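Here the structure comes first, spelled out in structure tokens, and everything after it is commentary.
The values are calculated or read from the model by the stated rules, or taken from the named source; none is laboratory data. All values derive from a computational prediction rather than experimental measurement. Cβ: placed from backbone, ideal geometry, glycine included. Neighbour counts: every protein chain shown. Remember, those area values only see protein heavy atoms, side chains included, never the ligands or the DNA or RNA. Shrake-Rupley method; radii C 1.70, N 1.55, O 1.52, S 1.80 Å.
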Amino acid sequence: MEAFSDGVIAILITVMVLELPHPHGTTWAALHDALPVLLCYVLSFVYLGIYWNNHHHMLQATDRVIGLILWANLHLLFWLSLIPFTTAWLGENRLASVPAAAYGIVLLAAAVAFYLLQRAIVRDQGSGSLVATAVGRDPKGKLSPLVYAAGIGLSFLTPWLGVAVYAGMALLWLVPDRRIERTIEHRSAFGPEARED
């Protein structure tokens, strides 16, 4: 499951870069028209990178995979697969309201899908599992959907402000989250019965 998911995310990044417009001209000014698309690409690349990183760490802490987890993972990959589409739509239309809201809807749905995948793993492996211990109360995970919903609403009022909210959330997630790494290291050092304080 991890290898398949890694491959899908790598393909999504590749698709996005292939859709970038080619500048017409040989000066820096030629990039001016492509700037909105480039900025949307950077934001989406960061988001896909964040999901890849967190997904990778979560699966490293997962003991086994059952059917429910496979379907929850496919649900997440479905929403991530829409990021290139909404990225192109948002960039090509210079941050118009509906594309900005659609971008936020995909981010919101992906956040919910990641949470459901996390819950499926915890449900299967128990409250004492590595994933459950590492995630804990998950304040960032619970805050994200609320922020995306606010960004969607703002997109209809001031599209650039909605996109700024999405970018701010990406910056919050870009700060390395070492909960799972610390939990794995702690369990390795103190045995399977050890718990984080």
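For the chain, carbon and sulfur atoms together expose 68% of the accessible surface, with a 1.4 angstrom probe and every protein chain in place. Packing-based ranking of 78-84, 27-33 yields 78-84, 27-33, ordered from highest to lowest mean Cβ neighbour count within 10 Å.
Would you mind working out the accessible area per residue for the chain, using a 1.4 Å probe, and quoting it in Å²? List each step's numbers first, then the result.
On the way: 10640 Å² over 197 residues.
Normalised by residue count, the accessible surface of the chain is 54 Å².
Treating only the Cβ of Lys, Arg, Asp and Glu as charged (+1, +1, -1, -1), what charge dipole size does the chain show about its Cα centre? Round to the nearest 20 debye. Mind dumping the intermediate values first?
Numbers: 12 positive and 14 negative charges, 82 e Å.
For the chain, the charge dipole is close to 400 debye.
Helices of the chain meeting both criteria, an alpha-carbon length of 30 angstrom or more along the long axis and an average Kyte-Doolittle score not below -1.0, with helices taken as full DSSP H segments, are 35-60, 97-125. Most tightly packed first, judged by the mean number of other beta-carbon atoms within 10 Å of their residues, the peptides 102-109, 40-47, 139-146 read 102-109, 40-47, 139-146.
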